[in-house]
1. Give the residue that is farthest from residue 68 (Cα to Cα), with candidates limited to residues of the range 22-44 that are of a type in the set (A, V, I, L, M) and surrounded by fewer than 20 Cβ atoms within 10 Å (Cβ to Cβ).
2. Please verify whether the range 69-86 includes one or more residues that are at pLDDT 95 or above, among the aromatic types (Phe, Trp, Tyr) and within 25 Å of residue 8 (Cβ to Cβ).
3. Determine which single condition residue 132 fails, assuming it passes every other condition in (1) outside any helix (DSSP H, G or I); (2) surrounded by fewer than 17 Cβ atoms within 10 Å (Cβ to Cβ).
4. Could you grab the pairs with beta carbons closer than 7 Å, sequence gap of 6+ or different chains, first residue in the range 44-61 and within 17 Å of residue 94 (Cβ to Cβ) and in contact (Cβ under 8 Å) with a residue 24 or more places away in the chain, second one surrounded by fewer than 17 Cβ atoms within 10 Å (Cβ to Cβ) and hydrophobic (A, V, I, L, M, F, W, C)?
5. With among the aromatic types (Phe, Trp, Tyr) and either more than 19 Å from residue 37 (Cβ to Cβ) or not in a helix (DSSP H, G or I) (or both) as the only criterion, which of 49, 57 stands out?
6. Identify, by number, the condition in (1) surrounded by fewer than 21 Cβ atoms within 10 Å (Cβ to Cβ); (2) closer than 21 Å to residue 35 by Cβ; (3) not aliphatic (A, V, I, L, M) that residue 153 doesn't meet.
Amino acid sequence: MDTVFFMRLAEDALFAAIAAIGFSTISHTPRRSWAAAALAAAVAHSLRFMLMAPGMFAMGITAASTLAAFAGGMVAVVMAPVVKVPAEACLFPALLPMIPGMYAYRSVEALLGCLSSPAEGDFSHYLYLLNFNLFTCIAVVLGMAVGANLPIFMLKRVSFRATR
């Protein structure tokens with residue numbers, strides 16, 4: 001691995017942390033949870049970046065997002081008792097930067113293409129794009145939900161101790 005990759009990885013982690021703090025702010029979570037959300041986002045997003053890198057593991061976005069959400073969930077569960085907030089307050093703002101917005105946008109774009117195409121060939125092409133992007137978006141979001149909630153259920157004592 002070269003220094004360019006590490007710079008891109010650090011940049012990815014930094015911007016994910018900034019986004020998580022922004023989402024924490026608009027979600028009205030306590031300020032003491034912002035650093036934990038930023039750490040969880042940085043770990044999760046940079047892990048997904050690394051898992052999807054062509055020279056590394058070259059995983060698909062669904063599997064990489066699931067594993068990254070699991071890692072972010074572990075960080076959130078471990079950090080929650082330290083900052084004395086529920087793990088969800090650290091975890092959910094950390095996951096928002098990983099939402100597959102481009103796949104959702106392309107799904108809507110393909111749907112509009114389906115509705116406005118008079119030719120059967122164009123309609124079939126847009127329908128294919130709609131299916132691919134929509135199913136990818138749904139699979140990533142479901143994988144993230146499962147991956148993020150597994151640590152909360154696996155480590156019940158730790159995750160629920162934070163609010164006692």
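1. As a first pass, look at the range 22-44 and keep what is of a type in the set (A, V, I, L, M): 26, 35-44.
When the remaining residues are screened for being surrounded by fewer than 20 Cβ atoms within 10 Å (Cβ to Cβ), the result is 26, 35.
Working: 26: 23, 35: 18 Å.
For the range 22-44, the residue satisfying everything is 26.
2. yes
3. The one condition residue 132 does not meet is (1).
4. 50/56
5. On inspection, the qualifying residue turns out to be 57.
6. (2) is the only condition that residue 153 fails.
The values are calculated or read from the model by the stated rules, or taken from the named source; none is laboratory data. Note that the coordinates shown come from a computational prediction; the quantities given were computed from them, not determined experimentally. Cβ sites come from the backbone with ideal geometry, for glycine too, and all protein chains shown count toward neighbours.
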